[in-house]
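The values are calculated or read from the model by the stated rules, or taken from the named source; none is laboratory data. Since this is a predicted model, take the numbers as computed values, not measurements. Note that each Cβ is placed from the backbone with ideal geometry, even for glycine, and that neighbours are counted across all protein chains shown. Accessible surface is based on the protein model in full, side chains and every heavy atom, while ligands, DNA and RNA are left aside. Shrake-Rupley method; radii C 1.70, N 1.55, O 1.52, S 1.80 Å.
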Number of protein chains: 2
Amino acid sequence: MDRPPPATARRGVANLFEALPSPETGECFDQLLHCRNLRVERIVSSAQPEPTWYDQTQDEWVLLLCGHATLQVGDERLELGAGDYTFLPAHTRHRVIATSAQPPCVWLAIHLDPAD
Amino acid sequence: MDRPPPATARRGVANLFEALPSPETGECFDQLLHCRNLRVERIVSSAQPEPTWYDQTQDEWVLLLCGHATLQVGDERLELGAGDYTFLPAHTRHRVIATSAQPPCVWLAIHLDPAD
């Protein structure tokens, strides 16, 4: 989804919890930083996540900041609460199975693209 | 400070807010991930930060998760609250001037090392 990043209220500073979108289904993705092979993303989930399997070329570290969620990583289910984080090396098949409605799930995802 | 990383309670999942240290002065640094040129760190500040100037070779993206803090970036002071983030390109001189006692400041720092 093509959305502007969170507003920057002060020079060089923005807030991760401001201007949170409220998707009705799936997730909203906002890129907070793109620097060389690093991309930092905020993800806000609806209570009806898209159970798409991801098989990515990039390594991903993901932190759940609010809410609770169920991830499937390969054959394993991970129950995540606020503050939980996990690492998904490139080509680790994973998908989001369930996400809480209140509070909504807010994630920080760090993507490390493959070397050129 | 050489400390073990936060305990991993479940396979592949750990919690950023578990086993928080309580430094009396300065900061405690815990590396959560090191993958290629990426390092993800949790920083917990005491209420008496070390006002050391940092002039780093790596790019850094930093997010304050709890507490409030004052950073000096070059000649500018940034007042940060929970959820605030900023980007510090390599060789951006910065230091921590003040950090709250309660709640203590918990930061997530993403370091992107220079290319080889």
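The table for this structure:
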read-out	value
Selection count where residues are of a type outside the set (A, V, I, L, M), open to solvent by 20 Å² or more (accessible area, probe 1.4 Å) and not in a loop (DSSP other than H, G, I, E, B), scope segment B:86-103	2
Number of the condition not met by B:PRO49 [criteria: (1) over 12 Å from B:LEU108 (Cβ atoms); (2) at pLDDT 95 or above; (3) part of a loop (DSSP other than H, G, I, E, B)]	(2)
Given (1) in a strand (DSSP E or B); (2) more than 10 Å from chain B (Cβ to nearest Cβ), number of the condition A:ALA14 does not satisfy	(2)
Selection count where residues are touching a His at 6+ places or on another chain (Cβ under 8 Å) and surrounded by fewer than 17 Cβ atoms within 10 Å (Cβ to Cβ), scope segment A:74-85	3
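Listed here are the residues, each with its yes/no results for (1) facing another protein chain (nearest Cβ under 9 Å); (2) farther than 23 Å from A:LEU38 by Cβ; (3) modelled with pLDDT of 95 or more.
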| position | (1), (2), (3) |
| --- | --- |
| B:ASP2 | no, yes, no |
| B:ALA19 | no, yes, no |
| B:GLN56 | no, no, yes |
| B:GLY67 | no, yes, yes |
